[in-house]
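Throughout, read-outs are computed from the coordinates displayed, never taken from laboratory work. All of these numbers come straight from a predicted model, not from anything done at the bench. Cβ placement follows ideal geometry from the backbone for every residue including glycine, while neighbour counts extend to all protein chains displayed.
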């Protein structure tokens, strides 16, 4: 299989916070691209860049050699890929489905085998890097599936990210993303608690960041979300409701493997509380608001 802008037609389904930028990078590389999303107006910018609109996931697949999906929840993946009007119904033999949604490893395996039965390849390739990584094409891509297919897609990976690692067979990409989300979950508690401590102690938060962000306590979350927290800007780089979904998947997989992950469980409870308080569409760094409320602190950042 050869994937090149001059020869390969792409399809893209899902134009959320990250999907729009990721698809845009592929169009900029010269790939002929068809798109579908539930709200057509979100595709306006890409259509202006030359993308073709399709009326369903099935139609996207009929127009494409490789179809990328990045939607919200596993149920959306199932509908978009395996549904009656889904991608697989429109795929020709030899085409490829790439799901970049953070979803269930078991669903990735189900899609892989359903696709293989029709002569279609399937790759699960969730990403990390948030809205900034998507805009700047600096995503980390975790791929599961057949090695030769993952390798053939290199021109697409390079348009969207700085690193792609083939983790193994179907579902391995999703399992790796669960590792990523587990690391982030407990780490975000530390970021928010540290800044809350500094705030309550009366410190200048930006000066605190100067000292701690470059030391042993530094992290991607602190450097990228710390300034947003301080500015009281909780716009989403990644939605709370999606993070709650991801942690739920990770906890279910941990239970299946008889693993005890108390840090992840605590983070899941705190984020579930934030979602219950109406924060599901805020960014994950809005965990600061829940922790402040627990201590009866009126968080105002700087």
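The table for this structure:
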read-out: Ranked packing of 51-64, 267-280, most packed first, by mean Cβ within 10 Å; value: 51-64, 267-280
read-out: Relative contact order for the chain, counting Cα pairs under 8 Å that sit 6 or more residues apart, in percent; value: 14
read-out: Residue-averaged 222 nm ellipticity for the chain, from DSSP H runs of 4+ at -39500 (n - 2.57), nearest 500; value: -14000 deg cm²/dmol
read-out: Cα shape, segment 9-170, gyration tensor, a/c 1.5 rule; value: rounded
read-out: Over segment 176-294, relative contact order from alpha-carbon pairs under 8 Å, at least 6 apart, %; value: 38
read-out: Bridge type composition, segment 9-170 - antiparallel percent by DSSP, nearest 5; value: 10
read-out: Fraction in percent of alpha-carbon pairs per bin - 5 Å, segment 176-294; value: 2, 11, 22, 23, 19, 13, 6, 2, 1, 0
read-out: Using alpha-carbon coordinates, inclination of helix 19-28 to the longest axis of the chain, degrees; value: 50
read-out: Angle in degrees between helix 172-200 and the longest Cα principal axis of the chain, rounded to the nearest 10; value: 20
read-out: Cα long-axis angle, helix 220-230 against the chain (0 to 90 degrees, to the nearest 10); value: 60
read-out: Inter-part distance where segment 142-156 and segment 173-228 are each reduced to a Cα centre, Å; value: 32
read-out: Length-normalised contact order of segment 9-170 in % [C-alpha pairs under 8 Å, at least 6 apart]; value: 20
read-out: Rounded Å value of the spacing that divides the Cα centres of segment 1-16 and segment 34-107; value: 11
read-out: Beta bridges by DSSP in the chain, antiparallel share as percent, to the nearest 5; value: 15
read-out: Label assignment, Kirkwood radius over Cα pairs in Å derived from the structure, set [x] 20.0; [y] 19.2; [z] 21.1; value: [x]
